[in-house]
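The structure appears below as structure tokens.
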Amino acid sequence: MTATSQAETPAYPAVSQAMAVTALILGWLIPGAGHFLLKRWGRGALLAVSVFAMFILGVLMQGKVYAFNTGDILDILGFVGDIGAGAFYIVTRAMDWGQGAIQIAAADYGTKYIIVAGLLNVICAVDAYSIAQGKKP
Amino acid sequence: MTVTLSHFSAALVFAVFASTVFGITQRNTTREMVRYGLYCFSLFVGGVIVAGWIMWALRH
């Protein structure tokens, strides 16, 4: 009982659960926005630049942006990674960018850049959630 | 507009951004973040160089 109570006590100042969930969702939609919401300006800016640069570089390297699919497992996982980029993914799909140029070796790197940018953004959003819950300073 | 990076420069750029995110999200203090970010970066780049030499050795 005591251990449970101690585990639930935030180590750092926390905000409301609603704010924590908002930081999580906003952080997913717009990279770094979850940290901005919690006034972690420097961290938010670095995370935003990192995710944005990786995603844009991936698209400029003619990487492929995966659409929703139920085919090959790697294509499904590619979609799961890509969707992590939030609004970037939505805009890219809406603009019909990221068709992928399979004849260019660098385009394959671009595809991986885009997937990893999405996965890193998920880590960033969860980090914002942890900060809001008081698990991190 | 397109960007073409060499294998090594693509790996370096990847290492910079991934290390930045890992450093910030996996540690609590600024000092620890910088140290962990540099640690991740060195592992990324070191891994690339080691893998490159292994492939060179296999080829020869």
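Residue pairs whose Cβ atoms lie under 6 Å apart, separated by 6 or more positions or on different chains, with the first residue in the range A:108-137 and facing chain B (nearest Cβ under 8 Å) and the second hydroxyl-bearing (Ser, Thr, Tyr), are A:Ile123/B:Thr25; A:Asp127/B:Thr25; A:Lys136/A:Ser130; A:Pro137/A:Tyr12.
For the range A:110-137, give me the residue count where each residue is crowded, with 24+ Cβ neighbours inside 10 Å and among the aromatic types (Phe, Trp, Tyr). The qualifying residues number 1. Checking the structure you have, find out if any residue of the range A:67-77 is assigned to a loop (DSSP other than H, G, I, E, B) and within 14 Å of another protein chain (Cβ to nearest Cβ). No; the residues of the range A:67-77 include none that is assigned to a loop (DSSP other than H, G, I, E, B) and within 14 Å of another protein chain (Cβ to nearest Cβ). Selection of the range A:78-122 for residues being within 16 Å of the chain's Cα centre (by Cα), not hydrophobic (A, V, I, L, M, F, W, C) and not in a helix (DSSP H, G or I) yields A:Gly84, A:Gly86.
For the range A:86-107, name all the residues that are crowded, with 24+ Cβ neighbours inside 10 Å and either within 30 Å of A:Pro13 (Cα to Cα) or within 10 Å of another protein chain (Cβ to nearest Cβ) (or both). Within the range A:86-107, none qualify.
A Cβ distance below 6 Å, combined with a sequence gap of six or more or placement on separate chains, defines the contacts here; from the range B:1-30, residues that are farther than 30 Å from A:Ala11 by Cα reach residues that are aromatic (Phe, Trp, Tyr) and modelled with pLDDT of 95 or more in the pairs B:Ala15/B:Phe41; B:Ala15/B:Phe44. Among residues of the range B:1-38 being aromatic (Phe, Trp, Tyr) and under 27 Å from A:Leu24 (Cβ atoms), the one that is farthest from the other protein chains (Cβ to nearest Cβ) is B:Tyr36.
The values are calculated or read from the model by the stated rules, or taken from the named source; none is laboratory data. Given the structure is predicted, the values throughout are model-derived calculations rather than measurements. Heads up, the Cβs are rebuilt from the backbone with ideal geometry, glycines too, and the neighbour counts pull from every protein chain shown.
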